[in-house]
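The values are calculated or read from the model by the stated rules, or taken from the named source; none is laboratory data. All values derive from a computational prediction rather than experimental measurement. Backbone-built Cβ (ideal geometry, glycine too); neighbour counts: all protein chains shown. Just the protein is used for accessible areas: all its heavy atoms, side chains included, with ligands, DNA and RNA removed. Shrake-Rupley method; radii C 1.70, N 1.55, O 1.52, S 1.80 Å.
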Amino acid sequence: MKEIPFARPLIGDAERRAVMSVLDGPILVHGPLSKQFEADFEGFTGAPYAVSCSSCTAAMHLTYVALGIGAGDEVVTPAQTHASTAHAVALTGATPIFAEADPRTGNIDPDAVEACLTERTKAIAVVHYLGRAVEMDRIMAIAERHGLKVIEDCALAIGTTFDGRHAGTIGDAGCFSFYPVKHITTAEGGMCITRHADLAQKLRLLRAFCVDRTPGERTVPGIYDVVGLGFNYRMNEIQAALGITQLKRVKDFLQAREANFTALSAKLAAIPDIEVLGTGSDARHGSSHYCLSMLLNGPLAAKRFEMVAALKARGVGTSVYYPKPVPHMTYYRERFGFDLGTFPAAARLSNESIALPVGPHLGVEDMAYIAESVKAAIEEVR
Ligand SMILES: *Cc1c(COP(=O)(O)O)cnc(C)c1O
């Protein structure tokens with residue numbers, strides 16, 4: 001039997017050498033590699049400023065704090081996303097106001113965003129769902145009309161573009177994740193990109209205690225001042241060494257993902273009772289093809305866990321994005337009292353989809369095997 005894991009980080013000799021050379025030297029934090037990774041990331045995305053962080057969640061939290069968003073403020077937040085997108089808002093004391101998903105793509109529905117606005121709204125958070133860009137022209141038009149900030153959760157959006165612009169460069173800030181199952185990894189890690197010099201400056205202060213000078217900038221060792229209430233959200237040199245090496249491979253990774261996604265979509269199109277969620281590329285949207293979300297139609301929808309088990313028995317790893325709409329997660333439900341009938345489009349994705357792997361650890365021949373396995377699994381559970 002074939003073994004097809006849902007995701008696997010691709011760590012090679014170059015990554016091992018890069019990490020070992022950090023360990024062989026004296027500098028583990030505040031070194032040249034985190035600066036180099038930031039510069040490389042600016043080059044890759046076209047963003048004027050990139051600020052490395054300890055995770056995507058940390059990057060988003062820092063961004064809201066740096067923008068002065070907090071208690072009494074509201075941020076429109078997608079209902080269908082990782083809890084992190086909403087947590088980053090809630091951690092500041094601000095209130096996430098959840099907006100429904102577009103059932104065709106899983107992305108935040110711009111009409112739903114408009115319906116969430118109040119005089120307390122300060123920002124709109126979007127997530128490029130499974131690597132397919134949000135309708136950023138419509139989101140930016142709403143933001144401009146109402147004087148709102150836009151924060152892009154780009155955790156799955158390295159390589160994602162909208163009208164040729166990289167995700168994260170259209171709103172006020174874009175935050176990326178380098179968690180192991182993402183497009184590139186630093187084990188844990190994140191990056192915030194922005195076109196605002198003053199925001200980048202605030203992010204750098206806030207990620208390191210709001211200390212006014214880095215060790216390299218101190219004329220007398222150990223002497224510094226603290227100018228605000230900050231965090232310890234830095235990326236270290238081991239992570240940065242991994243990131244620099246992985247970013248060199250990202251174009252190859254993205255090409256493999258696209259080839260796999262295209263092959264698997266074509267094969268699944270011929271199978272009845274399923275459909276492929278529209279997270280691929282088209283004229284305006286360049287997808288990063290994080291995974292392929294397969295929607296189960298009709299009676300098959302109630303057999304999702306049997307389908308997952310039947311695929312697992314054939315060695316096909318799967319996942320679910322995301323297990324519940326965020327407002328249906330216990331914490332948010334207890335806090336806001338949403339019932340399970342709200343956000344039906346987001347709930348359909350949570351309850352009736354299976355995420356199939358298309359990562360660069362797999363080849364096009366694996367896609368044929370996955371499609372055959374889906375066909376066989378449907379027959380088996382029917
Ligand atoms: C993984 C993920 C995050 C969290 O990223 P971390 O780097 O683990 O903090 C946030 N948002 C989305 C959409 C994600 O998929």
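Restricting ALA66, ALA18, ALA90, ALA47 to those that are open to solvent by less than 50 Å² (accessible area, probe 1.4 Å) and within 16 Å of the ligand (Cβ to nearest atom) reduces the list to ALA90. In the range 185-215, the qualifying residues are those that are within 12 Å of the ligand (Cβ to nearest atom) and crowded, with 17+ Cβ neighbours inside 10 Å, and the one that is farthest from THR45 (Cα to Cα) is GLU188.
The sole residue among VAL150, VAL134 that is part of a loop (DSSP other than H, G, I, E, B) and β-branched (Val, Ile, Thr) is VAL134. Just to be sure before I move on: is LEU264 under 27 Å from the mean Cα position of the chain (by Cα), outside any strand (DSSP E or B) and within 30 Å of GLY46 (Cα to Cα) in the structure I sent? Answer is no for this residue.
Per-residue answers, yes or no, for (1) touching a His at 6+ places or on another chain (Cβ under 7 Å); (2) at pLDDT 95 or above; (3) under 22 Å from SER34 (Cβ atoms); (4) among the polar types (S, T, N, Q):
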position: GLU135; (1), (2), (3), (4): no, yes, no, no
position: ARG138; (1), (2), (3), (4): no, yes, no, no
position: CYS154; (1), (2), (3), (4): yes, yes, yes, no
position: PHE162; (1), (2), (3), (4): yes, yes, no, no
position: GLY171; (1), (2), (3), (4): no, yes, no, no
position: CYS175; (1), (2), (3), (4): no, yes, yes, no
position: CYS192; (1), (2), (3), (4): no, yes, yes, no
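Within the range 199-206, at least one residue is in contact with a Gly (Cβ under 9 Å, 6 or more places away or on another chain) and either in contact (Cβ under 8 Å) with a residue 40 or more places away in the chain or within 24 Å of LEU356 (Cα to Cα) (or both). The set of residues from the range 160-175 being in contact with an Asp or Glu (Cβ under 9 Å, 6 or more places away or on another chain) and within 16 Å of the ligand (Cβ to nearest atom) comprises ALA167, GLY168, GLY171, ALA173, GLY174, CYS175.
Close Cβ contacts (under 7 Å, 6 or more residues apart or on different chains) running from residues in the range 162-180 that are of a type in the set (S, T, N, Q) to residues that are away from the ligand (no atom under 16 Å from the Cβ) comprise THR169/THR45; THR169/GLY46; THR169/ALA47; THR169/ARG195.
Residue-level check: of (1) buried (at least 21 other Cβ atoms within 10 Å of the Cβ); (2) within 14 Å of the ligand (Cβ to nearest atom), PRO180 misses just (1).
For the residues ASP73, ASP13, the requirement of being among the acidic types (Asp, Glu) and either touching a residue at least 24 places away in the same chain (Cβ under 8 Å) or open to solvent by less than 10 Å² (accessible area, probe 1.4 Å) (or both) singles out ASP73. Residues in the range 226-257 that are more than 30 Å from GLY298 (Cβ to Cβ) and assigned to a helix (DSSP H, G or I): 19 in all.
Quick one: would you say THR95 is away from the ligand (no atom under 16 Å from the Cβ), in contact (Cβ under 8 Å) with a residue 12 or more places away in the chain and within 16 Å of the chain's Cα centre (by Cα)? No; evaluated as a whole, the condition is false for this residue.
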